[in-house]
1. Counting other Cβ atoms within 10 Å of each Cβ, which chymotrypsin sites (Phe, Trp or Tyr not before Pro) in the range 32-69 have at most 16 and sit in a DSSP loop?
2. Using θ = phi - 60° and the Karplus relation 6.51 cos²θ - 1.76 cosθ + 1.60, list the HN-Hα couplings for the range 29-35 in order, rounded to whole Hz, with x at every Gly or Pro.
3. Describe numerically, in nm with one decimal, the distance between label points set 7 Å from Cα along Cα→Cβ at SER68 and at ASN23.
4. So what's the net charge close to CYS51: Lys and Arg +1, Asp and Glu -1, counting the other residues with Cβ under 12 Å from its Cβ?
Amino acid sequence: MLTYVGVTDIQYFLNVKADDVCNVDIDECATNTAGCDTHASCSNTFGFFTCSCNKGYTGNGHTCKGMSSAEAGLCVELGIA
C-alpha cells in the first residue's frame, strides 16, 4: 500500500527557534490540513503525518479511487481486503 507522508511539520520547524523544535508538533489530521483524500484516513506522528486509502479504495492516500469489483475480488482472494 502506498502512503502519502507529509512534511509540513518540518517546514514549520525551519521557521522556529532551534530550542522550540523538540516541543512543537502540528497535528495536521486534527486541523484538517493534511490534504488526505475524503476516502482516506489520516494518522499523525510527531513531525509527520500519513494518509492511507480506506478499505475499498486504492491510491497514495492523497488521492484515492474506488476499486472495481474485479480489483476488490482479487484483494479478497489475496486476503488484503
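Read the figures in this text as sums done on the coordinates, not as results from a lab. If you're wondering where the values come from, they're calculated on a predicted model, not measured in any experiment. We place every Cβ from the backbone using ideal geometry, glycine too, and count neighbours over all the protein chains shown.
1. Values: sites: PHE46, PHE48, PHE49, TYR57; in loops: PHE46.
Those that pass, being in a loop and sparsely packed, are PHE46.
2. The phi angles translate into 5, 6, 8, 6, 10, 6, x Hz.
3. That separation, rounded to one decimal, is 5.6 nm.
4. Numbers: positive: none; negative: GLU28, ASP37.
Result for the local shell: -2.
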